[in-house]
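The values are calculated or read from the model by the stated rules, or taken from the named source; none is laboratory data. Worth saying up front: this structure is predicted, and the values here are computed from it rather than measured. Heads up, the Cβs are rebuilt from the backbone with ideal geometry, glycines too, and the neighbour counts pull from every protein chain shown. With ligands, DNA and RNA removed, areas are computed over all heavy atoms of the protein, side chains included. Shrake-Rupley method; radii C 1.70, N 1.55, O 1.52, S 1.80 Å.
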Amino acid sequence: MRTRPVYISGGIRTPFVKSMTTYMDVTSSELMISTLKTLVQKYKLEGQILGDVGCGAVMQSASDWNFTRECVLSSGLHAHTPGYNVQRACGTSLEITSQLALKVAAHQMDVAIAGGVDTNSDLPIMVSKSLSHKLVELNAAKDNLEKAKILASIRPSDLKPQLPAVVEPRTKMSMGEHTEKMVQEWKISREAQDELALTSHKNATHAYEDGFYKDLVFNFHGLDRDGIIRPDTSMEKLAKLKPAFEKSEKGTITAGNSSPLTDGAAAVIVTSEEAAAKYNLPLWARFIDCHVSAVNFVAGEGLLMAPTIAVSELLKRNNLSFNDFDFFEIHEAFAGQVLCTLKAWESDEYCKKVLGRATALGPLDRSKMNIKGGSVALGHPFGATGARIVASLGKMLHEKGGRGRGLISICTAGGMGIAAILESV
């Protein structure tokens, strides 16, 4: 059976907020369920059986082993709609979108939902291994005397909780520390990073003023817009912030030119043309292709440089160049990471050595990049960012009209990168 075109038919998300603030008492499940419910209600899918729902999070408790299915059962969809979990760090919900697009293209299903969530305000805190072993022994104890002996063996050191951290297990370095090494290698200035961050805030502010996010962001816990955007920021204000990772004079990455720890959820509809007609869904954009790559960051390759490869391979396969795109959605984990990526694409040496190209891939037109704001301004709930970008880019292409094309590039932990192409209908 021949494959068929796949479309993005709308999306929705919570306002994104800084962790440990507005959503302090909100669980991951509540964020994801509210997002799915709102999406289902908006597109009148109540009681419908969809082909599948895929969701994911990075900071997830072991108790949420069937997280998506549980969310589906509270979403308003028919209980016969299945659900499954995925995790590819910051590329999670773009990965899910791609997986579901392939299933729709292969006629395995007609319509599905891809989503993601993360909240650092609802962290899964683990106990130490020593306490875990003693608790297991306690549960298996046959009498009170044996239980008393196990309880007496518990030491204060056993009670120290283990908090999850965004640190690479193989290098023991945070993503910010890795990015500091990247910006030093690529000679990216602090001023350039602050300029990109300022542009991100300006673009996000203008997008809200123009009403772009009105039907993409729903009211949640009294908020109807992202809480991270700083309309009043400036180069002067950004310049006053101290480096967050490298404390010496070499440090250039600050809280102002990095995406903050963020709470939020997002979801998009993936469908065939036939299903869109059946359910009266809009056709925002066609999902064309996706590619995932990785780098050996343990051996010294930049942790967040994998998108350079993913994008290059994606463009090779589709016989495209940057000149063929109207919009670029480059995830802003750090402003410095984006600038390293752009500079690599402009380097003949890098493109020949790493990307296997005869000449440089770049530059790309910066006036087409993150024109509705990027992750520095909007926020970055790890698992939700892909769906946030897919929905925004889909709407941008839909509003543009005529022929149009958009490129998505997302860096992730573990030295991976994921890229995708969307086209107007």
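The set of residues in segment 269-279 being farther than 13 Å from Gln41 by Cα and either among the hydrophobic types (A, V, I, L, M, F, W, C) or open to solvent by 10 Å² or more (accessible area, probe 1.4 Å) (or both) consists of Val270, Glu273, Glu274, Ala275, Ala276, Ala277, Lys278. Pairs meeting the criteria (first residue in segment 246-268 and touching a residue at least 40 places away in the same chain (Cβ under 8 Å), second residue of a type in the set (Val, Ile, Thr) and assigned to a strand (DSSP E or B), beta carbons under 6 Å, at least 6 apart or on different chains) are Asp263/Val17; Ala265/Val117; Ala267/Ile113; Val268/Ile8.
For segment 8-33, the tally of residues that are open to solvent by less than 30 Å² (accessible area, probe 1.4 Å) and either assigned to a helix (DSSP H, G or I) or free of Cβ contacts under 8 Å to residues at least 12 places away in the same chain (or both) stands at 3.
Answer with yes or no whether Lys372 is surrounded by fewer than 24 Cβ atoms within 10 Å (Cβ to Cβ) and outside any loop (DSSP other than H, G, I, E, B). The answer is no for Lys372.
Let's see how each residue does on (1) modelled with pLDDT under 95; (2) assigned to a loop (DSSP other than H, G, I, E, B); (3) open to solvent by 40 Å² or more (accessible area, probe 1.4 Å):
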| site | (1), (2), (3) |
| --- | --- |
| Thr38 | no, no, no |
| Gln41 | no, no, yes |
| Glu70 | no, no, yes |
| Ala79 | no, yes, yes |
| Ser98 | no, no, no |
| Met109 | no, yes, no |
| Val117 | no, no, no |
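Within segment 295-330, the residues that satisfy the criterion of being under 24 Å from the mean Cα position of the chain (by Cα), in a loop (DSSP other than H, G, I, E, B) and under 30 Å from Met173 (Cβ atoms) are Val295, Asn296, Glu301, Gly302, Leu303, Leu304, Met305.
Selection within segment 178-218: residues that are part of a loop (DSSP other than H, G, I, E, B) and under 18 Å from Ile371 (Cβ atoms). The member of this set that is most open to solvent (accessible area, probe 1.4 Å) is Lys214. Can you name the residue in segment 375-407 that is of a type outside the set (Gly, Ala, Ser) and part of a strand (DSSP E or B) and is also nearest to the chain's Cα centre (by Cα) among such residues? It comes out as His380. Applying the set (1) crowded, with 19+ Cβ neighbours inside 10 Å; (2) at pLDDT 95 or above to Gln60 leaves exactly one unmet item: (2).
In summary, Gly251 fulfils each of the numbered conditions (1) open to solvent by 30 Å² or more (accessible area, probe 1.4 Å); (2) small (Gly, Ala, Ser); (3) farther than 30 Å from Ala106 by Cβ with the single exception of condition (1).
Residues checked against (1) aliphatic (A, V, I, L, M); (2) touching a Cys at 6+ places or on another chain (Cβ under 7 Å); (3) in contact (Cβ under 8 Å) with a residue 60 or more places away in the chain; (4) more than 30 Å from Pro260 (Cβ to Cβ):
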residue: Ser321; (1), (2), (3), (4): no, no, no, yes
residue: Asp324; (1), (2), (3), (4): no, no, yes, yes
residue: Phe328; (1), (2), (3), (4): no, no, yes, no
residue: Gly336; (1), (2), (3), (4): no, no, yes, no
residue: Leu339; (1), (2), (3), (4): yes, no, yes, no
residue: Asp348; (1), (2), (3), (4): no, no, no, yes
residue: Cys351; (1), (2), (3), (4): no, no, no, yes
residue: Thr359; (1), (2), (3), (4): no, yes, no, yes
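Residues in segment 256-289 that are closer than 27 Å to Phe67 by Cα and among the β-branched types (Val, Ile, Thr) were compared, and the one that is nearest to the chain's Cα centre (by Cα) is Thr262. Flag: Gly356 does not match the condition of being over 16 Å from Gly10 (Cα atoms), outside any strand (DSSP E or B) and open to solvent by less than 30 Å² (accessible area, probe 1.4 Å).
Just the residues that are over 17 Å from Leu94 (Cβ atoms), under 18 Å from the mean Cα position of the chain (by Cα) and among the β-branched types (Val, Ile, Thr), please, taken from segment 1-26. Of everything in segment 1-26, those that are over 17 Å from Leu94 (Cβ atoms), under 18 Å from the mean Cα position of the chain (by Cα) and among the β-branched types (Val, Ile, Thr) turn out to be Thr14, Val17.
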